[in-house]
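All remarks here apply to the structure that follows.
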Amino acid sequence: MALVGLFFVVPIVQAVTVSLSGWPGVGPVEIEGLGNYAAVLASPEFYHSLLRTVVFAVVVAFGIVSIATLLAAAVSRRVRGARIYRVIWFIPGIAPAAAVAVYWNTAFQPEIGTVNAIAGLLGLNTNSALLASPSTALYPVILVSIWSGVGFAFILILGGMEQIPVSVYEAASIDGASPARQFFSLTLPLLRPILSITATLNLIWAFNNFTTVWGMTNGGPGLATTTLPVLVYRTAFIDGQFGEGSAIAVIAGAILLVLGFVSLRITQSRGVS
Amino acid sequence: MRRLAAFAKHVLLLLWSALVVVPFVLICLLAFRSEKDIYNYPLGLGGSFTLENFAIAWWGPGGDTGVGIFLANSASVALTALATNLAFGAPSAYFITLLSGKVRRRLIRVFLVATVVPLVLLVVPYFQLFDFMGGLNNPFALGFAYGSVALPTTVLILTAFFSDFPHELREAASLDGLTAFGTFIRVVLPLSKGALVGTSLLALIFVWGESQLAVPLLQDPTAQTVPVGLLAFRGQFQGQLGPIFAGLSLAAVPIIIVYLIFNRFIAKGIALGGVFR
């Protein structure tokens, strides 16, 4: 309990304190009031970044859950090799996110990157530089985040699917429902609790994802991929504005805690926790 | 129609598997290629075999800050984190299961809330705390912090596991004159190896990849862990890809091998209710 206090409660109090101060990184913290919050809420960068983060998190969470559901549906009917799929699909989630991000950064480089090399094999343009243009840089980051998150979501969703009794499907087959019909009218509704938990968890993780974004783009070009965690890092540790950085962190944290509580509610109401 | 659907399904499964595996194969393959071969054969199919990249990556661009030292730092961080995590997590989880219903539920709720505290909120205060205590650029201090950050999840997973622990064994142990703590050390722990290994592995995966806290807390290159070092590699090698791929494979391969060996325990840990962010 003491450790939880030392590493959770004290830091949060401290984060709020710093966010109320003009702390430059050294020396004592002097509370100055709500100036940092006013500055943050008045800065267009913050809203730009918040919007980016929300778009990023929503698209990533939706992508992860859709692909994971599709894959789980394909594997759950005892496909040959199902055990192997289960093991290898989790690897992108196991590998260090920094390594994954650095690799994919090279993969999207023109000519020499894997993505462009494969595009070349298919006879497509090989010198696209998605990461170099502010208007497209977010897409590769979204794709990579989906790629590394599917494995875990897949395991959760598959676990949910395997708890649906076989007899339900047998009854549906006798009634003449096609496999597609069974998927949409039986599997999806019965999975709704698991799907919503998985989606919320991934929403939170994507919202909070620092490594993939930082590793692939450092938040650039310009501010094109600066999500809130990256903005906090930039403001506090690169620009030395610890007070303002903390204010952003507290606002981001508040949004996340609300999301977290919503997800916990959903979880607890089903008695899973 | 049905055949077509089955066919499409297998194509989908194989396609996703390829998408998952190919990057890692490529990283390892390109790590053994010269710079010229990487440019000429970006998919790794061609060119000659060289070990030079590994030497460069291991010693680093300046000769003293390469993957070798990053791996050593990551190992210190991981060992400290796991030791902290288990030493505090396992007894807390066990004694929580022995408490009365109401207190137990309250405590579990505290830990649940702690698991959703986002790291972004912790970065600046940790920097301050570490600065104050002289722990900046100290892998052991970071390991201790990781062990504590991972504590709520560990406690939740282990509480779920210990609450199914058979009473009879506990009662038998106390009849034999063991104290509550003695029972925990000599009866409960030896019978819980699977769950302990599973949680430790989940924590290890978290620690091995974490960078959000580590980037600001370990700014001195000689103190950096693998992820922090790799993130800096890109700038240091200025478009030289071979050493980067060598560094990536040195970073990713150990943890993937650990995962492939112990994946059953990890799956069990996840089933018991947890994953670290």
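Meeting the requirement of 3 or more residues that are within 26 Å of the chain's Cα centre (by Cα), the helices (runs of 4 or more DSSP H) wholly within the stretch B:145-191 are B:151-162.
Is it true that A:P140 is modelled with pLDDT of 85 or more, closer than 25 Å to B:A246 by Cβ and within 8 Å of chain B (Cβ to nearest Cβ)? So A:P140 fails the test. In the stretch A:253-270, the condition of being among the basic types (K, R), surrounded by fewer than 20 Cβ atoms within 10 Å (Cβ to Cβ), assigned to a loop (DSSP other than H, G, I, E, B) and more than 8 Å from chain B (Cβ to nearest Cβ) is met by at least one residue. Looking only at residues of the stretch A:196-222 that are in a loop (DSSP other than H, G, I, E, B) and in contact with a Ser or Thr (Cβ under 8 Å, 6 or more places away or on another chain), we find that the one that is nearest to A:A132 (Cα to Cα) is A:P221. Residues in the stretch A:211-251 that are aromatic (F, W, Y) and touching a residue at least 40 places away in the same chain (Cβ under 8 Å): A:W214, A:F242. The helices (runs of 4 or more DSSP H) located wholly in the stretch B:208-277 that include 2 or more residues which are at pLDDT below 80 and within 18 Å of A:N105 (Cα to Cα) occupy B:226-236, B:241-271. Just one of the listed residues (A:V102, A:V79) is at the interface with chain B (Cβ under 8 Å from one of its Cβ atoms) and closer than 20 Å to A:L158 by Cα, and it is A:V79.
Which residue is farthest from the other protein chains (Cβ to nearest Cβ), if the candidates are limited to the stretch B:228-244 and must be touching a Phe, Trp or Tyr at 6+ places or on another chain (Cβ under 8 Å) and not aliphatic (A, V, I, L, M)? Step by step, filter the stretch B:228-244, then rank; the result is B:P243.
When we screen A:A132, A:A117, A:A74 for residues that are in contact with a Lys or Arg (Cβ under 7 Å, 6 or more places away or on another chain) and either within 26 Å of A:G160 (Cβ to Cβ) or of a type in the set (A, V, I, L, M, F, W, C) (or both), the only hit is A:A74. Restricting attention to the stretch A:175-195 and to residues that are part of a helix (DSSP H, G or I) and small (G, A, S), the residue that is farthest from A:L259 (Cα to Cα) turns out to be A:A180.
Answer yes or no as to whether A:E111 is acidic (D, E) and within 8 Å of another protein chain (Cβ to nearest Cβ). Against the criterion (acidic (D, E) and within 8 Å of another protein chain (Cβ to nearest Cβ)), A:E111 qualifies.
May I ask you to verify whether A:A39 is assigned to a helix (DSSP H, G or I), crowded, with 17+ Cβ neighbours inside 10 Å and in contact (Cβ under 8 Å) with a residue 40 or more places away in the chain? Here the answer is no, as A:A39 does not meet what is asked.
Restricting attention to the stretch B:88-109 and to residues that are without any contact (Cβ under 8 Å) to a residue 24 or more places away in the chain and within 10 Å of chain A (Cβ to nearest Cβ), the residue that is surrounded by the fewest Cβ atoms within 10 Å (Cβ to Cβ) turns out to be B:R109.
For B:P42, are the conditions met, namely being within 30 Å of B:L202 (Cβ to Cβ) and either within 12 Å of chain A (Cβ to nearest Cβ) or not in a helix (DSSP H, G or I) (or both)? Judged against the criteria, B:P42 is not a match.
The values are calculated or read from the model by the stated rules, or taken from the named source; none is laboratory data. Quick caveat: nothing in here was measured; it's all calculated off a predicted structure. Ideal geometry is used to build each Cβ from the backbone, glycine not excepted, and the neighbour counts take in all protein chains shown.
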